[in-house]
Each structure stands twice: as structure tokens, then as C-alpha cells.
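Below is one structure, written out as C-alpha cells; the observations come after it.
The values are calculated or read from the model by the stated rules, or taken from the named source; none is laboratory data. These numbers were taken from a predicted model, which means no experiment stands behind them. No Cβ is skipped: glycine too gets one built from the backbone with ideal geometry, and neighbour counts run over all protein chains shown. Areas reflect the complete protein model, heavy atoms only, side chains present, ligands, DNA and RNA absent. Shrake-Rupley method; radii C 1.70, N 1.55, O 1.52, S 1.80 Å.
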Amino acid sequence: MILRSPIKHCRNCGAEVAYRLPDDGDTRQRAVCPACDTIHYENPLNVVGTVPYWGDKVLLCKRNIEPRWGKWTLPAGFMELGETTAQGAARETDEEAGAKIEMEGLITVISVPRVGQVHLFYRARLLSDLFDPGHETIEARLFAEDEIPWEEIAFRTVKETLEHYFEDRRKGSFPVHNFDIH
Ligand SMILES: [Zn+2]
């Protein structure tokens, strides 16, 4: 399982850490500091984003960063400390697309244990069709369902969220979809 880079140095005192079972009965290997005994816990990260819509179209961003440079994605990114999931999703939408939105309901909660992440996407009503993409985005534009470049979508969580969004809109009901991608 490849997740993040291993921790090398203690965040508390700077000494080199060792991965081992802590002495407190924990059953997982942790980065433990031999100098000050600090145990460094590593937990999944939340990726939060939106499906911004304008009439029957949705806003996608062409990535100007790796991984998946040049592929299309929904505005999304890592949640920051001190913000809620919805605040983080709105912030990412502003940063990546410069889009003015009104946040609506949650569409998907997707666990991706292989990379230690949970992805959450919200519906967001666009208040304007003028965008001002940030440096992480080559281009931000609207797509109708039959215009979506399905083969050029950057991530499976984005593709499956878009599929649920369009299907729910056809049905006229918007439940939360909670599932896993392995
Ligand atoms: Zn230490």
C-alpha cells in the first residue's frame, strides 16, 4: 500500500523517528520518536469539492498541475484545518475556477483507502457563467452531459460523482451516495 512518504523526523524535537509498534498496545506501526517518545499518527485526508452547475451544464477545470496534467476535473482539493467540508469545497471552487457559487447538498462521500483519502462533493449553483481560473487550472468551462470528455476525466471519484449528479438530476431527487473505490 503506497500512501504518503514516511515520516523521517520528529515534529516535536527533530530527532530521527523509527516505525514500530508503540508500547501502549497499539496494533499498527507508527513513527515513534526515540528521543521524546512522541507518536506520530497518520490518518486519511479529506478531499472536498463541488459540482458547479449552470442550467443543464456543469463546470469542469482542465488541470495545470500534476498528477493528471491536462485532464479535466471538478474543482476540489485538500480540506484545510479550521474549515468545514462545505467551506473547503467553496474555497477550492473559488481558487481553481474563480467561480461564484451558492453551496447546496452533498452528492458523494467516497472512501479511497488505497491512497488514504475520503472525497466529498457538493452540488453548487453557479451565480455567474464568468470564471477566473487560478494557476492550477488551464481552462474552466461549462459542459452539457453529452459534451463531457469522459475519457479525459482526471480521477475516478470525479467521474463517478458526475455520473451520479446527472442521473439524480434526471430523476429529480438528490440523495447522498456513500461508497468506496478500491
Ligand atoms: Zn521527538
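Just need log10 I(q)/I(0) for the stretch 111-182 at q = 0.11, 0.13, 0.17, 0.25 Å⁻¹, Debye formula, equal scatterers on the alpha-carbon atoms, no solvent, rounded to two decimals.
Taken in order of the listed q values, log10 I(q)/I(0) reads -0.35, -0.50, -0.85, -1.38.
For a quick check of understanding: with a 1.4 angstrom probe and all protein chains in place, what accessible area in square angstrom does Phe174 have, to the nearest ten?
80 Å²
Once you list every other residue whose beta carbon is under 13 Å from the beta carbon of Glu145, what net charge do they have if Lys and Arg are +1 and Asp and Glu are -1?
That sum, taken over residues with Cβ under 13 Å, equals -2.
Sort Asp56, Asp146 by heavy-atom solvent-accessible area, probe 1.4 angstrom, most to least.
Asp146, Asp56
Keeping every protein chain in place, order Tyr41, Tyr122 by accessible area at 1.4 Å, biggest value first, i.e. largest first.
If we order Tyr41, Tyr122 from most to least accessible, we get Tyr41, Tyr122.
What span do the alpha-carbon atoms of the chain cover on each of the three principal axes, reported in whole Å from largest to smallest?
59, 33, 30
Identify the trypsin sites (Lys or Arg not before Pro) of the stretch 1-104 meeting these criteria: DSSP loop state and at most 10 other C-beta atoms within 10 Å of the C-beta.
Passing sites in the stretch 1-104 are Arg4, Lys8, Arg28.
Longer than 18 Å from Cα to Cα, which of Lys71/Lys171; Lys71/Lys100; Lys62/Lys159; Lys100/Lys171; Lys62/Lys171 are they? Say none if no pair is.
Over 18 Å apart, Cα to Cα: Lys71/Lys171; Lys71/Lys100; Lys100/Lys171; Lys62/Lys171.
Please report the carbon-and-sulfur percent of the accessible area for the chain; probe 1.4 Å, protein heavy atoms only, DNA, RNA and ligands left out.
Whole-percent figure for carbon plus sulfur exposure: 50.
Whole-Hz Karplus ³J(HN,Hα) for the stretch 16-23, in order, using 6.51 cos²θ - 1.76 cosθ + 1.60 and θ = phi - 60°, x for Gly and Pro?
3J(HN,Hα) across the stretch 16-23, in whole Hz: 6, 8, 10, 7, 7, 6, x, 7.
In 10 Å bins starting at zero, report the fraction of Cα pairs in the stretch 24-70 per bin as a rounded %.
Result returned by the calculation: 17, 26, 18, 19, 16, 4.
What does the charge count near Arg125 come to, summing +1 for each Lys or Arg and -1 for each Asp or Glu among other residues with Cβ under 14 Å from its Cβ?
0
As a test of reading the structure, rank Leu81, Leu120 by solvent-accessible area (1.4 Å probe, protein chains only), most first.
In descending accessible area the options line up as Leu81, Leu120.
Mind checking the per residue accessible area of the chain for me, 1.4 Å probe, whole number of Å²?
Ligands and nucleic acids excluded, the figure is 57 Å² per residue.
If I take every Cα pair under 8 Å that is 6 or more residues apart in the stretch 7-127, average their sequence separation and divide by the length, what percent do I get for the relative contact order?
It comes to 23 percent, rounded to a whole number.
Taking the alpha-carbon centroid of each part, what is the distance from the stretch 1-65 to the stretch 105-159 in angstrom?
Centre-to-centre distance over Cα atoms comes out at 23 Å.
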